[in-house]
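Worksheet for the structure shown next.
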Amino acid sequence: MQQAETLSARPARRVRWMNRDRAIALLMIAPSALAIAVFVYGFIGWTAYISMTDWRGLAISTSFVGFDNYLTIFSTGRFQTNIRNLIVFTLFFLASCLVIGLLLAVLVDARIRFEGFFRSVYIFPMALSFIVTGVVWQWLFAPGNWPNDPTGINLLFKQSGLGFLQAAWTTDTNVVPGWRIEGLRTRIGIPMAMIPVVVAAVWQMSGFVMAMYLAGLRGIPDEIKEAARVDGATEWQVFRHITLPMLQPITLSAVIILGHISLKIFDLIITMTGGAPGNNTEVPGLYMYEITFKANKFAEGAAVAMVMLVVVALLVVPYLIYNRRTEVER
Amino acid sequence: MSSVAIPAPGRRRIRWSRVVVYSLILAFLLFFLLPVYLLLITSFKSFDQVSLSRMWDLPTSFSLESFNRAWNGGEGVIGMRGSFWNSVQMVVPATVISCILGSLNGYVLSKWRFPGSETLFTLILFGMFIPYQSILVPLVEVLREIRLYATIPGLVLVHVVYGIPITTLIFRNYYATVPNELVEAAKIDGADFFGIYRSVMLPLSAPGFVVVAIWQFTSIWNEFLFGLIITNDPQLRPVTVALQNLSGSQFTQWNVQMAGALLVALPPLLVYIFLGKYFLRGLLAGSLKG
């Protein structure tokens, strides 16, 4: 009888089987979904809540103060300086990484000898911790008593007859041009001490951009370029009008990846400069750490964190939605 | 025949562009290797040769004093040996669990799609972009509550949870390349959820596991912020925090800092040297379109 039932119930049974498997599938992803719901979205909500209390000191406070903490941080010169530093860092870091990454990709793609070796050398810093990078570059950019008794890269310049290139690097307190604007408590311009930090970050990340562009370059069919060449296009025209446009999606991805790393930068700066001189290299990631875990201003720290989150989300969310759309279309 | 004259100028032009290409390639090589050079020569100098005014000079003798000091400590330096072990204890379980979770999630999200699964995937992905500053305080509170604050298992938990987005992404994209026909065929043969996983997915998963394991290993080893916040106990801190402490202390000679940096860099570097291809794949997978 059992056998008969199995035979006759076959189609129905298959549907039931599918349902059981679907349930298992949901069960399997549930722990991860739950963990993300709590550890990402729940905690973000919690932080948002903290940012609207007056929690200072070690005893938790829950009295609601609305957006006061946001007004407080935005009105301090220190946070305004942080934002200026972050903008400068992000612009220089992004631009340099994209240009150098693309240049390296084109160079490595130019049928050179020992291509694999060069490629490996350019990418290897990606395997290192920002802390390692920070420790090493900190000593490279330690200016010493320049110009007479320099250290680091200054010493190297002096020894190779390029003494005029010596600079104060991470100890440079100048902000160029350093405009003062009514109502702002920070000077507008490029904090010169940020330049060495950008160099170290570019050293670490440009190989990654190269790898992305290289994958893109290898994906462009030779026939298209060949057709243009046959039509009399110069190498530059081929690059400008065929290669570059076809690399555009990669540039977009690179901007998102580098952008979110840049907006969150913390490890490299705490190791290389600690935010000094003054607050000339301090960024929100570091400021949040300092005021939350050193000064116990939990509510203000939470406000800084929420500002960081919003900025990153403005960059990333449109990209995620766009990616999902194109994926569904596919 | 008439084209015989043409190659000559062409060849010369190509040769000039070659000169430019190779000069640039070598200039960048110098830029990328300069810190490595400094790191190596400084680490192998003995203490009496360490002088900032001669920092670019090659060591005149080979010495492991700096490594000894960085590793074992002494004269005010806390050795990194203990934190090295902490990092190993944190990285290995976190990597293993991450791989298993990522693989299961990727399998579900690529082969068992359900209404809303794409939205869920996007929501999970967002977790990999957030600044961790925005979850740190609640995280510490919760870890305290469940008695995992300032413990290695606590760090493992944190790295596993915040590793879910990237590991899920890599496995999902990897499993998307497995033909659905294989899954359908196994279903018709009567295989259930785990049967298909075992007989179809797992045998094809080796490269996916290698990519994810390498990715998680290097990023957890290199991670700093969680290590800093979640271990207030110097006995428990991972290597990156120990190195940062070493470099922040003004009493530590810089050759010891360099040796310490080299020690911290070594495990991921070895992975990169021997498994570079998979490391690169993980990197590119992080750019979503992998």
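Taking 0.36 nm per residue of separation and subtracting the current Cα-Cα distance, fully stretching the chain between residue A:324 and residue A:54 would add 93.3 nm. With R₀ set to 25 Å, the beta-carbon distance separating residue B:141 from residue B:235 gives a calculated FRET efficiency near 0.65.
Exposure proxy for B:162, B:149: other Cβ atoms within 10 Å of each Cβ, ordered fewest to most, give B:149, B:162. Annotation: amide H-H contacts under 5 Å for residue A:190 (H modelled 1.01 Å from N, sequence separation of 5 or more, or interchain): A:176, A:178. Each residue, residue A:180 and residue A:62, gets one label point 7 Å from its Cα in the Cβ direction; the gap between the two is 4.6 nm. The Cα atoms of chain B cover 84, 73, 32 Å along the three principal axes, with the biggest extent listed first.
Counting neighbouring Cβ atoms within 10 Å and putting the fewest first, the residues B:159, A:241, A:260 line up as A:241, A:260, B:159. With the helix formula -39500 (n - 2.57) applied to DSSP H stretches of n ≥ 4, chain B reaches a computed 222 nm mean residue ellipticity of -23000 deg cm²/dmol. For segment B:52-83 versus segment A:110-161, the inter-centroid distance based on Cα atoms is 20 Å. Over the residues of chain A, the helix contribution to mean residue ellipticity at 222 nm works out to -20500 deg cm²/dmol, using -39500 (n - 2.57) for each DSSP H run of at least 4. Net charge of the neighbourhood of residue B:212, taken over other residues with C-beta under 12 Å away and scored Lys/Arg +1, Asp/Glu -1, is +2. Computed over the alpha carbons of segment B:199-241, Rg followed by Dmax gives 15.4, 46 Å. Normalised by the number of residues in chain A, the mean separation of alpha-carbon contacts (under 8 Å, six or more apart) gives a relative contact order of 25 percent.
What's log10 of I(q)/I(0) for segment B:12-78 at q = 0.12, 0.14, 0.21, 0.24 Å⁻¹, Debye sum over Cα points only, no solvent? Log10 I(q)/I(0), no solvent term: -0.49, -0.58, -0.88, -1.01. Average projection, convex hull of the Cα set of segment B:144-235: 7.7 square nanometres.
The coefficient of translational diffusion for segment A:76-329, derived via Stokes-Einstein from the alpha carbon Kirkwood radius under 4 °C and 1.567 mPa s, stands at 63 µm²/s. Stretching residue A:149 away from residue A:76 to a fully extended chain increases their span by 22.4 nm, per 0.36 nm per residue minus the current alpha-carbon distance. Using a simple spin-label model with pseudo-atoms 7 Å out from Cα toward Cβ, residue B:64 and residue A:220 lie 5.1 nm apart. Measuring how big segment A:226-330 is from its alpha-carbon positions, Rg and Dmax come out at 21.1, 68 Å. Between residue A:246 and residue A:159, the modelled labels are 4.6 nm apart [label points 7 Å from Cα along Cα→Cβ]. Let me know the whole percent of all Cα-Cα pairs from the protein assembly as shown that are separated by more than 37 Å. Looking at the protein assembly as shown, the distances longer than 37 Å represent 42 percent of pairs. Peptide B:34-44 has a mean of 3 when you count, residue by residue, the C-beta atoms of other protein chains within 10 Å of its C-beta.
Among B:247, B:61, the order by Cβ neighbours within 10 angstrom, fewest to most, reads B:61, B:247. Partner aspartates and glutamates whose Cα lies under 15 Å from the Cα of residue A:297, excluding those fewer than 8 positions away in the same chain, are identified as A:54, A:68.
Taking a straight line from the alpha carbon of residue B:45, these lysines sit under 28 Å away, with near neighbours fewer than eight places off in the same chain left out: A:158.
Bear in mind that the values in this text are calculations on the coordinates, not laboratory data. Keep in mind that what you see is a predicted model, and the values were worked out from it rather than measured. For neighbour counting, all protein chains shown are included, and Cβ atoms are generated from backbone atoms with ideal geometry for every residue, glycine included.
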